[in-house]
Amino acid sequence: MTGEGVRDGVDAADAAVSFDPLRPLLTRVAYRMLGSVADAEDVVQDAFIRWLGTDRDAVREPAAFLRRTVTRLCLDQIKSARNSRETYVGPWLPDPLVEEEEDDDVTLPLMLALERLSPLERAAFLLHDVFGVGFDEVAKTIDRDPAATRQLAARARTHVRDARPRYKLEKERGLEIADAFFAASRSGDMGALGALLAADVGMWTDGGGKRPAAMEPVLGHDVVLKLHRGLAVLFGKYGSTLVHTGMINGLPGFVTREADGELQTTALDIEDGRIVAIYVMRNPDKLRHVH
């Protein structure tokens with residue numbers, strides 16, 4: 001190895017010492033900004049490359065500096081992501097995160113609500129309300145003054161209020177309902193399944209044009225039940241194997257292997273003991289990280 005190569009290796013190792021402990025937090029920020037595991041990992045790696053080229057001795061707070069870098073990269077990424085969403089086939093759902101044990105309450109319904117915000121509103125809300133970053137620092141990150149940043153966060157809060165859980169569902173109770181939903185939906189017990197569903201239940205299925213999926217949300221107790229009556233026939237004929245029951249994007253749910261050999265995740269939004277929303281991920285591109 002040449003002297004220059006040695007120096008490059010030493011420099012990369014030195015940069016990694018300060019960067020790697022922050023990588024999980026930076027990935028969480030990026031994922032919540034983008035809704036994509038692969039895009040979040042790419043952004044964080046891009047931030048590391050920029051960290052390599054930075055005069056690190058001059059950076060007093062690496063965590064703040066890198067969080068700022070990642071957020072700005074995400075803001076750039078959102079613009080192109082939104083263009084591709086306009087041509088997305090069927091309902092779009094964020095990549096599923098299975099069994100993530102984090103302190104924040106960014107559940108799947110909240111992730112969907114964040115999609116309706118402007119990129120700056122999304123950044124201000126996530127950084128301040130979810131990650132606890134002060135408004136002065138958030139303002140520096142998004143290149144706005146603190147007063148404007150407070151307004152962005154306040155507007156975001158108003159828009160996402162209904163998507164935040166009114167009360168915390170006990171995890172064990174949620175997983176019991178998920179187990180019951182799996183058993184009833186796969187066995188064709190429509191009486192048991194119907195008793196689990198709220199009157200205004202909705203179902204969203206993301207196949208991304210890669211696997212069969214409903215092209216529009218399926219809304220209402222009777223319509224969702226009718227769909228599952230048909231699906232139960234297919235499950236009975238071709239099979240659907242439970243791989244794992246657990247939390248998916250903060251909601252109770254399960255991972256299955258379906259008849260085509262591909263994985264699928266199902267997440268259940270539950271209120272007052274009834275399922276109000278069913279989110280099914282079938283797009284294989286969004287399930288590569290799920291095991």
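Taking the chain as a Gaussian network of alpha-carbon nodes connected by springs under 10 Å, the highest mean-square fluctuation of the residues P252, P212, P91 belongs to P212. Remark: spin-label model distance A147-Y167 equals 4.2 nm, labels positioned 7 Å along the Cα→Cβ axis. Rounded to the nearest 20 debye, the dipole magnitude of segment 45-161 is 640 debye, with +1 charges on Lys and Arg beta carbons, -1 on Asp and Glu beta carbons, and the Cα centre as origin. For the chain, averaging the sequence separation of C-alpha pairs within contact (under 8 Å, six or more residues apart) and dividing by the residue count gives a relative contact order of 18 percent. Of the trypsin sites (Lys or Arg not before Pro) found in segment 34-137, those in coil by DSSP whose Cβ has at most 14 other Cβ atoms within 10 Å are R60, R116. Here the label points at D55 and R288, each 7 Å from Cα along the C-beta direction, are separated by 3.8 nm in the simple model. Expressed as a rounded percentage, what relative contact order does segment 196-258 have, with Cα pairs under 8 Å and six or more residues apart? Relative CO of segment 196-258 lands at 22 percent. Compactness of the chain, taken as the C-alpha radius of gyration over 2.2 N^0.38 Å, stands at 1.12.
Segment 209-229 and segment 38-89 have Cα centres lying 36 Å from one another. Seen from T265, the other residues with C-beta closer than 10 Å to its C-beta sum to a net charge of 0, counting Lys and Arg as +1 and Asp and Glu as -1.
A simple spin-label model places the labels of L234 and T158 4.2 nm from each other, with each point 7 Å out along Cα-to-Cβ. Simple point charges give the picture: +1 on the Cβ of Lys and Arg, -1 on the Cβ of Asp and Glu, and for segment 54-98 a dipole about the Cα centre of about 120 debye.
Could you tell me what percent of the accessible area of segment 146-291 is made up of carbon and sulfur, with a 1.4 Å probe and every protein chain present? Summing carbon and sulfur atoms, their accessible area is 54 percent of the total for segment 146-291. The GluC sites (Glu not before Pro) of segment 56-125 meeting both criteria, a DSSP state outside H, G, I, E and B (loop) and at most 16 other C-beta atoms within 10 angstrom of the site's C-beta, are E86, E99, E100, E101, E102, E115. With K and R counted +1 and D and E -1, the other residues having a Cβ less than 13 Å from that of S80 yield a net charge of -1. Computed from point charges on the beta carbon alone (+1 for Lys and Arg, -1 for Asp and Glu), the dipole magnitude for the chain about its Cα centre is near 720 Debye. Calculated FRET efficiency, K79 to A13, Cβ-Cβ distance, R0 = 30 Å: about 0.30 to the nearest 0.05. Relative to the longest principal axis of the Cα atoms of the chain, the long axis of helix 146-160 makes an angle of roughly 10 degrees.
Calculated accessible area for the chain comes out at 50 Å² per residue, all protein chains present (probe 1.4 Å; ligands, DNA, RNA ignored).
The values are calculated or read from the model by the stated rules, or taken from the named source; none is laboratory data. Just so it is clear, the structure is predicted and the values come from calculations on it, not from any experiment. Here the Cβ is made from the backbone with ideal geometry for all residues, glycine too, and neighbour counts use every protein chain on show. The protein model used for the area step is the full one, side chains on, heavy atoms only, and it has no ligands, DNA or RNA in it. Shrake-Rupley method; radii C 1.70, N 1.55, O 1.52, S 1.80 Å.
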